[in-house]
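Colleague: Got a structure here, written out as structure tokens. Questions coming.
The values are calculated or read from the model by the stated rules, or taken from the named source; none is laboratory data. Treat the numbers as computed from the prediction; the structure is a model and nothing was measured. Here the Cβ positions follow ideal geometry from the backbone for every residue, glycine too, while neighbour counts run over all protein chains shown. Please note that ligands, DNA and RNA were not included when accessible areas were found on the heavy atoms of the full protein model with its side chains. Shrake-Rupley method; radii C 1.70, N 1.55, O 1.52, S 1.80 Å.
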Amino acid sequence: THQWRGIIEEYRDRLPVSGTTPVVTLREGGTPLVPAQVLSERTGCEVHLKVEGANPTGSFKDRGMTMAISKAKEEGAKAVICASTGNTSASAAAYAVRAGMVSAVLVPQGKIALGKMGQALVHGAKILQVDGNFDDCLTLARELSENYPVALVNSVNPVRIEGQKTAAFEIVDMLGDAPDIHVLPVGNAGNITAYWKGYQEYAADGIAARTPRMWGFQASGSAPIVRGEVVKDPSTIATAIRIGNPASWQYALRARDESGGAIDEVTDREILRAYRLLAAQEGVFVEPASAASVAGLLKAAEQGKVDPGQRIVCTVTGNGLKDPDWAVAGAPQPVTVPVDSATAAERLGLV
Ligand code: F0G
């Protein structure tokens, strides 16, 4: 029997590993590419969802983390550190366990989803809640990694980007070529950088005939790239992308410009509408930040910016179970019934 071996084994010849690199893996990657029927109808395009919430810790971060932790182990690190809005810390904590390393995580106080905090806790990470935002956490993590014996595993570590580029490989491997457009949520801008690198590598080697236009979407309250200036006090309900000064800002601009793409913003209202549509009409439960890609596609379609007939992939970056508050909020409370089938049938509208 065959099971997906994780991104390092599946794409070994395209990653900076050698025969002696210890592979620390939870068999990340190999995630579903799901045809999106309702989104396809709405846009007149062939839309697919790359469901990254199906990774071992529930987000795309695992692709980069298998690389970052494997390389840290190869270099003899005993401890790793990251700043995070929640998913990177959950992933770092889990992979550190696999590697027998200590993990330290810095998160913005009060601004990470409960599921993500639970993951870091249960995997035994040392957690500090920082009285500041993600950008402050990243500054602190960089300082600590420069001055103390602890390896930085944020996406400013280039091997993270190397791991994450494998999602683009998987898409081309599935579809037979790159899509016309690839849509992503943008926070610290590592992932858009990584996908663009992956698509470019496959095109350079003739595995793909073309590269897609890269479309990135930030949350309106946290849209420094759209505004062209640092956002000092970023805000959005999509806490995963609540970032005011993205580390990979310049790379995101390059991905946008070299691909003929765009980086725009979506409001929290648009994010939540896409979040509900994905769950209620596509059967795909994602966390709010992930819905920014789909919200962006719908916004662009409404503005007449999406020509019909194109092939489009939206990455949905994280699992809905990470942050279920938004699923429950505003939904009707389930009614309680006695153990009685007639009553149950009536309440279910079956009679
Ligand atoms: N979607 C989710 C679910 C995320 O967790 C993140 C980033 C993004 C999108 C944006 O990706 O930063 O590469 O542009 N989360 C980071 C973290 C910041 O700490 O977990 P990006």
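Colleague: Consider a paramagnetic label point 7 Å from the Cα of Q129 along Cα→Cβ; state which residues of region 58-85 have an amide N under 18 Å from it.
Modeller: From region 58-85, the list is 83-85.
Colleague: Once phi is turned into ³J(HN,Hα) by the Karplus curve 6.51 cos²θ - 1.76 cosθ + 1.60 with θ = phi - 60°, what whole-Hz value does each residue of region 306-319 show in order, with x for glycine and proline?
Modeller: Once θ is set to phi - 60°, the couplings for region 306-319 become 10, 5, x, x, 8, 9, 10, 10, 10, 7, 10, 7, x, 6 Hz.
Colleague: Which percent, to the nearest 5, of DSSP beta bridges fully inside the chain are antiparallel? Walk me through the numbers on the way to the answer.
Modeller: Working: 5 of 36 bridges.
Looking only at bridges with both residues in the chain, the antiparallel portion is about 15 percent.
Colleague: When only Cα pairs under 8 Å and 6 or more residues apart are kept, what is the percent relative contact order across region 1-82?
Modeller: Working: 90 pairs, mean separation 25.2, N = 82.
For region 1-82, the relative contact order is 31 percent.
Colleague: At A342 and L175, where each label point lies 7 Å from the Cα along Cα→Cβ, what is the point-to-point distance in nanometres?
Modeller: In this crude label model, A342 to L175 measures out at 5.6 nm.
Colleague: Just grab the label-to-label distance for K305 and L33, each label 7 Å out from Cα along the Cβ direction, in nm (one decimal).
Modeller: Distance between the two pseudo-spin positions: 2.4 nm.
Colleague: Would you grab the residues whose amide H sits under 5 Å from the one on H48? Only those 5+ places off in sequence or on another chain, please, with H modelled 1.01 Å from N.
Modeller: A36, I312, V313, C314
Colleague: For each pair in K50/K165; K78/K126; K116/K232; K71/K116; K50/K299; K61/K322, compute the distance between the two Cα atoms and list the pairs where it is over 22 Å. Before the final figure, lay out the partial values.
Modeller: Values: K50/K165 13 Å; K78/K126 14 Å; K116/K232 24 Å; K71/K116 24 Å; K50/K299 19 Å; K61/K322 13 Å.
K116/K232; K71/K116, as the Cα separations exceed 22 Å there.
Colleague: Roughly speaking, what is the centre-to-centre gap between region 176-254 and region 313-327 when only Cα atoms are used, to the nearest Å?
Modeller: Each part reduced to its Cα centre gives a spacing of 18 Å.
Colleague: Got a sec to turn the phi values of region 17-34 into Karplus ³J(HN,Hα) couplings, 6.51 cos²θ - 1.76 cosθ + 1.60 with θ = phi - 60°, whole Hz, x for Gly and Pro?
Modeller: 10, 10, x, 9, 5, x, 8, 9, 9, 10, 6, 5, x, x, 7, x, 10, 9
Colleague: Alpha carbon centre of region 10-52 versus region 97-134: separation in Å?
Modeller: 25 Å
Colleague: Rounded to the nearest 10 Å², what accessible area does S103 show when all protein chains are kept and the probe is 1.4 Å?
Modeller: 10 Å²
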